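Notes follow once the structure below has been shown.
The values are calculated or read from the model by the stated rules, or taken from the named source; none is laboratory data. Keep in mind it's a predicted model, so treat the numbers as computed, not measured. All Cβ positions, glycine included, derive from the backbone under ideal geometry; neighbour counts span all protein chains shown.
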Amino acid sequence: MKKYVVALVMLFAIAFWGVLPGLAQDTMQEEEYEGDLTEYSYGTVVRVEAGNLVLSEYDIETDQDIEVSYVISDDIELENIDSMSDVKAGDDIDLDYIEKDGVKMAVYIAKEEV
C-alpha cells in the first residue's frame, strides 16, 4: 500500500511540475512596451499610408466590421514581414499596440502565412 501512495504522490508532483510552465506562459502574454501594457488586435489591411495602418476589424458590440487606424511605431517588430512595404491591402495580420490619448500605436505586426 505504501508503494501506491508514494507512486500517487510522485504522479501528482510530476503533473503539477508540468503545468507550471503553462501557467508562466499565460502570465507572459501581457507584454510591456516602454512601460505600457500592449493590447492585441487582428484584422484585414484596408490601406497602408505614410506611418499609418488601417485595418478592418470585427466589432462585437455593433456586430459589424469597422475600420481602425494605427500609427506605426518607428521601432516596430515585424514577423513574417521584411518591411512595412510588404504589407498590402487584403493581408490578414495580428498586431500588438499601445493606446495613449486615444491614439493606437502598433508596436508588433505579424502577417498571416498563406
Condition first: exposed (fewer than 14 other Cβ atoms within 10 Å of the Cβ) and closer than 18 Å to Ala50 by Cβ. Now tell me which residues in region 78-98 satisfy that. Ser83, Ser85, Asp86, Lys88, Ala89
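So that you can scan it fast, the table gives a plain yes or no per residue for (1) outside any strand (DSSP E or B); (2) basic (Lys, Arg); (3) modelled with pLDDT of 95 or more:
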{"position": "Thr44", "(1), (2), (3)": "no, no, yes"}
{"position": "Val54", "(1), (2), (3)": "no, no, yes"}
{"position": "Thr62", "(1), (2), (3)": "yes, no, no"}
{"position": "Val68", "(1), (2), (3)": "no, no, yes"}
{"position": "Asp75", "(1), (2), (3)": "no, no, no"}
{"position": "Ser85", "(1), (2), (3)": "yes, no, no"}
{"position": "Ala89", "(1), (2), (3)": "yes, no, yes"}
{"position": "Ile93", "(1), (2), (3)": "no, no, yes"}
{"position": "Asp96", "(1), (2), (3)": "no, no, yes"}
Give me the pairs: first residue in region 75-91 and farther than 14 Å from Glu113 by Cβ, second residue surrounded by 11 or more Cβ atoms within 10 Å (Cβ to Cβ) and basic (Lys, Arg), beta-carbon distance under 9 Å, and six or more apart or on different chains, which are they? Ala89/Arg47
How many residues, within region 58-114, are among the hydroxyl-bearing types (Ser, Thr, Tyr) and under 14 Å from the mean Cα position of the chain (by Cα)? 2
